[in-house]
Amino acid sequence: MRFDSTQAAKGWETLCRQAPANTLAAYNEMRARQPKQAPTPRHHRLKGALASAVRHGVELEQWQFEVTGSGRVWYLLDVEGRTLWLRYAGTGHPKATD
């Protein structure tokens, strides 16, 4: 797991402080998740234009983990590179979905 930006890293730190148990559960599930595993109500691929994003010229699936009622983590799933790229982490609902 790697951070896509400084803002994502700061958001992750905030989640860790405000909801440590839930953030740890999210971390463990994201790391253990298999690429073809079925989504859950709290852990699923985003829809529409947010379903994928480009990183270094490669289009990757974009997933969301609902850490708390409004806290979210968005990440890109790079199967080939065996990396999760955290694009957003925060205690509030991402503005892109408003």
Loop-located GluC sites (Glu not before Pro) in the range 12-98 whose Cβ has at most 15 other Cβ within 10 Å (DSSP): Glu80
Within the range 2-92: Cβ-based charge dipole about Cα centre, in debye rounded to nearest 20 (Lys, Arg +1; Asp, Glu -1): 100
Qualifying trypsin sites (Lys or Arg not before Pro) for the range 1-84 [loop in DSSP, other Cβ within 10 Å: at most 10]: Lys36, Lys47, Arg82
Derived scalar couplings ³J(HN,Hα) [the range 49-60; Karplus, 6.51 cos²θ - 1.76 cosθ + 1.60; whole Hz; x for Gly, Pro]: 5, 8, 5, 8, 8, 9, 10, 6, x, 10, 7, 10
Per residue, the convex hull volume that the Cα atoms of the range 2-92 enclose (Å³): 96
More than 14 Å apart - percent of Cα-Cα pairs taken over the range 42-98: 51
Using θ = phi - 60° and Karplus 6.51 cos²θ - 1.76 cosθ + 1.60, couplings along the range 62-74 (whole Hz; Gly, Pro as x): 10, 10, 10, 10, 7, 6, 9, x, 10, x, 9, 10, 10
Point-to-point label distance, Ala25-Gln7, nm (Cα→Cβ direction, 7 Å offset): 2.8
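Bear in mind these aren't lab numbers, they're just calculated from the coordinates by the rules spelled out. Because the structure is a prediction, the values reported are computed rather than measured. Every residue, glycine among them, receives a Cβ derived from its backbone with ideal geometry; neighbour counts consider all protein chains shown.
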